[in-house]
Amino acid sequence: MNGIVIASANGAIGLEAAVDILRHGGSALDAVIAGARLVEANPEDHTVGYSGLPNLFGEVELDASVMDGRGLRAGSVGALKGYQDAADLARHVMDELPHVLIAGEGAKRLAAEIGMEPRDLLTPEAKAIWQERLDQPATAPNGHQTYLRKVREIVREAATDPEAARGEEIPHGTVNFIARDRTGDIACAVSTSGWAWKYPGRMGDSPVIGAGNYADNRWGAAACTGRGEMAQRCCTAHSVVTFMRFGMSLDEALTTAMTDLAHLDDPYKSEMNIVALDKEGNPGAASSSKDKTYVVMTEEMPAPEERPRLHVPIPGVG
Ligand code: GLY
């Protein structure tokens with residue numbers, strides 16, 4: 001049985017490195033971390049790792065998680081500042097601590113303890129995109145309250161129209177990697193800088209096991225991009241895996257999980273996307289937006305292949 005790796009479209013940059021690990025007999029877990037690392041290091045991607053867009057006070061805060069489908073082991077970090085390799089750090093949480101989720105100062109402390117290199121994650125380009133949306137500086141002469149009103153307005157806009165808010169054409173918005181290795185083990189990694197202009201300390205679905213990331217060798221795996229609060233409330237990644245467990249095909253499971261999101265009472269309802277792998281290693285993906293893609297590469301393929309996602313509209317979401 002040969003291995004396969006799938007990713008959200010912005011993961012294309014890391015797919016070959018991930019598959020290469022499988023080709024050398026490496027594990028699904030090593031493969032997804034290797035893929036995520038390259039996206040986290042990519043200065044062109046303003047939604048993951050280094051060069052991610054900052055929170056409303058101009059600080060880059062990263063969220064990431066990893067799940068090992070062999071025994072449902074999981075680790076995650078949230079609101080991590082000053083270190084780029086968030087998915088790898090999540091793996092250290094999983095492997096070395098008796099915990100699943102470590103946030104803020106604790107995550108930073110762990111990164112330092114294991115010898116990770118600190119880095120200023122805010123690039124001039126990301127800062128310029130962030131600053132452009134703030135008509136008033138944080139130290140507005142008319143006071144802090146005015147600034148807070150303004151940034152709340154921006155957060156609201158960013159939540160309802162993330163693409164416009166980010167002002168980008170490139171594929172973006174959190175990265176998902178799912179791999180199945182030669183032994184049939186499945187692993188999933190998710191990494192993000194989260195919503196730009198988010199309230200400090202806000203964590204989305206990416207570090208929440210069951211919301212943005214879930215992997216179980218027995219049934220498959222799923223991971224999400226998009227408005228994390230929706231996946232948090234519907235436990236979307238876990239739902240996809242559970243629907244497969246109870247007999248749905250991969251496409252039925254994806255469609256049902258997307259349809260569930262439509263029932264949310266959410267004034268900020270916006271785009272959601274899922275990638276998934278069934279237990280046999282068949283890939284699939286869905287999006288509430290038309291013409292969205294994901295990327296797939298097996299050990300036999302010479303290069304990643306971009307494939308269309310199922311389009312499952314969510315009423316009220318453009
Ligand atoms: N899905 C990523 C986030 O909401 O932060």
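In segment 239-288, which residue that is charged (D, E, K, R) and touching a Gly at 6+ places or on another chain (Cβ under 7 Å) is surrounded by the fewest Cβ atoms within 10 Å (Cβ to Cβ)? Full working, then the answer.
Initial filter on segment 239-288 (charged (D, E, K, R)): 245, 251-252, 260, 265-266, 269, 271, 278-280.
Adding the requirement that they be touching a Gly at 6+ places or on another chain (Cβ under 7 Å) leaves 251, 269, 271, 278-279.
Working: D251: 16, K269: 20, E271: 19, D278: 22, K279: 19.
Ranking the candidates gives D251 first.
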Looking at R233 and the list (1) more than 14 Å from the ligand (Cβ to nearest atom); (2) in contact (Cβ under 8 Å) with a residue 24 or more places away in the chain, which single condition is not satisfied? (1)
Given (1) more than 30 Å from T183 (Cα to Cα); (2) open to solvent by 20 Å² or more (accessible area, probe 1.4 Å), number of the condition L56 does not satisfy: (2)
Which one is farthest from V100 (Cα to Cα), of the residues in segment 67-81 that are open to solvent by 20 Å² or more (accessible area, probe 1.4 Å) and over 17 Å from the mean Cα position of the chain (by Cα)? R70
Could you count how many residues in segment 212-226 are more than 16 Å from A86 (Cβ to Cβ) and more than 9 Å from the ligand (Cβ to nearest atom)? 9
Among residues of segment 46-77, those that are small (G, A, S), free of Cβ contacts under 8 Å to residues at least 60 places away in the same chain and not in a loop (DSSP other than H, G, I, E, B), counted: 1
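The values are calculated or read from the model by the stated rules, or taken from the named source; none is laboratory data. From a predicted model like this one, the values you see are computed outputs, not experimental measurements. Glycine also receives a Cβ, built like all others from the backbone with ideal geometry; neighbour counts cover every protein chain displayed. We work out accessible area using only protein heavy atoms, side chains counted, and drop any ligands, DNA or RNA first. Shrake-Rupley method; radii C 1.70, N 1.55, O 1.52, S 1.80 Å.
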